[in-house]
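We did not get these values from a lab; they are worked out from the coordinates using the rules stated. As the structure is a prediction and not an experimental result, all values here were calculated from the model. Note that each Cβ is placed from the backbone with ideal geometry, even for glycine, and that neighbours are counted across all protein chains shown.
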């Protein structure tokens, strides 16, 4: 059974066992189309969790993103259910068929048949091609009919599975976000290693905890909630000679402004609602030993540590760390974006 994600596989496996109660079922996770890699790891983690709970063996195929990108070259702009999907289905079923024969099995199926965004007809055609090519039985099941999709989502919620908000292909993701007029935050990563709100990395941490809690029989709740999210896109500070200074921005700021530092007080500079801190003073107040602002940029404090630093200076929505502060004019340029988002909230009872 080729598996694309836990939401599809959990219900599909339930119905497959009802349809074929005497059949041995082996799971095969092969999805080179999933991007970025953190999303791949997240979906695999949740599939492993569900397969373990349902008592079936799971084999992980190679990630193989590079080969997948080559296979769909020239079809990047195809819409969902177009030629790109056809190529993708055939590739994943082909590799699944080869793996099945390699381990001595004579039939395959795929949980892609459960996905509401996929064409059952297109999948069936791909299945027939692979069946003839590899001389293997490819079973086509339409469990979406008669309320199957609604039951699928209800089961996913009950089992506290990771309910991704896009199918996985980078091109479909871009199309979907464009239609929603929404930031494609999945493809944004900080220069440093911060875990950003509602990021793939945050979700991976959450579902790793879910796995641990379930194994240790810890009572917990997992809810999805809407909230106002943001991404700080970029920021820089220029001196009077228009030279870009190494700087680290702490806080959310949007826009351009010219500020004049009128006073300097033992490593601090003050201008409008901005606080400038020299690196040595930042190390002192926060307990770090950064040797340069560049080191701070690429290895910043955690989000929680950053919040604690901000709490020390509640009157300043923007804090900028630089090497040296002088009494002169600086130009600040920065861009942030705010948007409605959803995140998973995990709590122990």
Fraction of antiparallel bridges per DSSP, the range 229-343 only, in percent to nearest 5: 85
Could you work out the Kirkwood radius for the chain, taking every pair of different alpha carbons, averaging 1/r and inverting it, reported in Å? 23.3
Calculate how steeply helix 37-54 sits against the longest principal axis of the alpha-carbon atoms of the chain, using the helix alpha-carbon long axis, and give the answer as 0 to 90 degrees to the nearest 10. 50
Sort 46-52, 269-275 for me by packing, meaning the mean count of neighbouring Cβ atoms within 10 Å per residue, highest on top. 46-52, 269-275
To test your reading of the geometry: what angle, between 0 and 90 degrees and rounded to tens, separates the Cα axis of helix 6-19 from the longest principal axis of the chain? 10
The rounded separation in angstrom of the Cα centers of the range 93-157 and the range 289-349 is 47
If one compares the long axis through the Cα atoms of helix 120-134 with the longest principal axis of the Cα atoms of the chain, the angle in degrees, nearest 10, works out at 70
Shape call for the range 229-343, from the Cα gyration tensor axes a ≥ b ≥ c (a/c under 1.5 means rounded, otherwise prolate when a/b beats b/c, else oblate), comes out oblate
Rounded if a/c under 1.5, otherwise prolate or oblate - the range 87-199, Cα gyration tensor axes: prolate
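Under the rule a/c < 1.5 gives rounded, and otherwise a/b versus b/c splits prolate from oblate, where does the range 2-180 land using the Cα gyration tensor?
Judged from the Cα gyration tensor, the range 2-180 comes out rounded (a/c under 1.5).
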Report the extension gain between residue 345 and residue 238 in nm, rounded to one decimal, defined as 0.36 nm multiplied by the number of residues separating them, less their alpha carbon distance. 34.5 nm
Rank by packing, highest mean first: peptides 111-124, 243-256, with packing defined as the count of other Cβ atoms within 10 Å averaged across residues. 111-124, 243-256
What ranking do 327-333, 89-95, 285-291 get when scored by the average of other Cβ atoms within 10 Å per residue, highest first? 89-95, 327-333, 285-291
Given a Förster distance of 41 angstrom, what is the FRET efficiency for residue 303 paired with residue 155, based on the Cβ-Cβ distance and rounded to 0.05? 0.80
Expected 222 nm ellipticity per residue - DSSP helices of 4 or more, -39500 (n - 2.57), all of the chain, to 500: -12000 deg cm²/dmol
